[in-house]
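J.: Input: one structure, supplied below.
The values are calculated or read from the model by the stated rules, or taken from the named source; none is laboratory data. This one's a predicted model, so the numbers in the text were calculated from it and none came from an experiment. So basically every Cβ, Gly included, is an ideal-geometry build from the backbone, and we count neighbours across all protein chains shown.
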Amino acid sequence: MRIAFPVQDDVGIDSVVYNHFGSAPVFVIAELETSAVVSVSNGDRLHAHGACNPTRALDGHSVDAVVVGGIGTGALSGLNRLGIKVHRSLAPTIRENLALLGSGGLPVIEPHGTCAGHGKDGGCAH
């Protein structure tokens, strides 16, 4: 199973998971079974707010799931249409979230749990 993790700073499997799918500079794609990783620059990082194109963001790389701190409804819908499940990150690093995902411990993000906008401090209104 291939899982994409949006990250700010790429340090491989020990990267900290980013809180926003569409604006992450990099995606680290990890194999659940082996923990092998590959890094992909976000090809859609400069999209208009609310107009994220997940296929372009992942630069055409095929994944089975995404683990992220937060995501907008459009990106979630786009990923789900491709058959990609999106899970909420519950730990800081990719390594920790892989362990949680492998044991069934990461919740799937539903449309009612997506980012509803941003506050004046830049925080996401989940």
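J.: So Ser35 fits all but one of (1) of a type outside the set (A, V, I, L, M, F, W, C); (2) on the phi > 0 side of the Ramachandran plot; (3) modelled with pLDDT of 90 or more; what number is the exception?
T.: The one condition Ser35 does not meet is (3).
J.: Also: Here are some conditions: (1) modelled with pLDDT under 85; (2) among the charged types (D, E, K, R); (3) under 17 Å from Ile29 (Cβ atoms). Asp64 meets all but one. Which one does it not meet?
T.: So Asp64 meets the others, but not (1).
Rundown of residues vs (1) at pLDDT 95 or above; (2) among the polar types (S, T, N, Q); (3) in contact with a Cys (Cβ under 6 Å, 6 or more places away or on another chain); (4) surrounded by 13 or more Cβ atoms within 10 Å (Cβ to Cβ), yes/no style:
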position	(1), (2), (3), (4)
Gly72	no, no, yes, yes
Ser89	yes, yes, no, yes
Asn97	yes, yes, no, yes
Leu101	yes, no, no, yes
Leu106	yes, no, no, yes
